[in-house]
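The values are calculated or read from the model by the stated rules, or taken from the named source; none is laboratory data. Since the model is a prediction, treat every value here as computed from it, not as a measurement. We place every Cβ from the backbone using ideal geometry, glycine too, and count neighbours over all the protein chains shown.
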Amino acid sequence: MSLKPISAVNSMSYEDFISIFGNVIEHCSLCAAAVWRDRPFSDVNSLHKSFCQFADQLPIGGKEGILRLHPDLAGRLAMSGGLTNESTKEQQSAGLNTLTDQEKQNMHDLNQQYKQKFGFPFVICARENKKEAILTGLERRLNNSGETEAVTGVEEVKKICRLRLLDIVDSSSKL
Ligand SMILES: NC(=O)N[C@H]1NC(=O)NC1=O
């Protein structure tokens, strides 16, 4: 798919905008639907900033809600081929499709402990980490408070969002 210039983004109807950007925050087309009102965007950074601002102004329950829309890393959905295309690519880039049986078990146990403690899944930008860093990060972050983890998780969602936007919009194009 060819990258879109920002002018094409700015002239999209909200229906097209939601259909194209509806998964830059996983399963949260509400975010794209809200961000459309901020156009015109001067470039991909300003588009990303709007998504970040929307996520940042949510109360803690809304931030947790965004995290709950994310699939577990190397979880049941990943094993059954039920992930979104974006998530499949991201999990593969971290090497999560090549875990040993021991690593799979570790990841599963830590994910379960994390969800049990916080009530939402562990989220990390898989394209910026390899499987070893993901496993150690998961272990380390289990010690944090729920509030810290909601904020940390949303910071990771913003990184994921930025990389997904760069797969859609030409970063050299300006208004
Ligand atoms: N749980 C979790 O972090 N999931 C995500 N991370 C990422 O990079 N893509 C995802 O779907």
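For segment 116-150, a tally of residues being among the aliphatic types (A, V, I, L, M) and touching a Lys or Arg at 6+ places or on another chain (Cβ under 7 Å) returns 2. Taken across segment 124-136, residues that are charged (D, E, K, R), within 11 Å of the ligand (Cβ to nearest atom) and either assigned to a helix (DSSP H, G or I) or touching a Phe, Trp or Tyr at 6+ places or on another chain (Cβ under 9 Å) (or both) do occur, with at least one present. Of the residues in segment 11-20, none is at positive phi and not in a helix (DSSP H, G or I).
Residue-by-condition table, conditions (1) among the hydrophobic types (A, V, I, L, M, F, W, C); (2) within 16 Å of the ligand (Cβ to nearest atom):
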site: Ser7; (1), (2): no, no
site: Ala33; (1), (2): yes, no
site: Leu69; (1), (2): yes, yes
site: Asp72; (1), (2): no, yes
site: Leu77; (1), (2): yes, yes
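If you go through segment 117-155 and keep only what is within 23 Å of Leu83 (Cα to Cα), free of Cβ contacts under 8 Å to residues at least 12 places away in the same chain and in contact with a helix residue (DSSP H, G or I) (Cβ under 8 Å, 6 or more places away or on another chain), you end up with just Thr152. The residues on offer are His27, His48, and the sole one that is out of contact with any helix residue (DSSP H, G or I) (no Cβ under 7 Å at 6 or more places or on another chain) and at pLDDT 95 or above is His27.
Across segment 14-48, the number of residues qualifying as closer than 24 Å to Phe122 by Cβ and among the aromatic types (Phe, Trp, Tyr) comes to 0. Note on segment 58-107: enclosed helices (runs of 4 or more DSSP H) holding 1 or more residues that are modelled with pLDDT of 95 or more are 60-68, 85-93. With respect to (1) in a loop (DSSP other than H, G, I, E, B); (2) surrounded by 17 or more Cβ atoms within 10 Å (Cβ to Cβ); (3) not hydroxyl-bearing (Ser, Thr, Tyr), the lone exception for Leu47 is condition (1). In segment 79-98, of all residues being over 16 Å from Lys159 (Cα atoms), within 11 Å of the ligand (Cβ to nearest atom) and among the hydrophobic types (A, V, I, L, M, F, W, C), the one that is surrounded by the most Cβ atoms within 10 Å (Cβ to Cβ) corresponds to Leu96.
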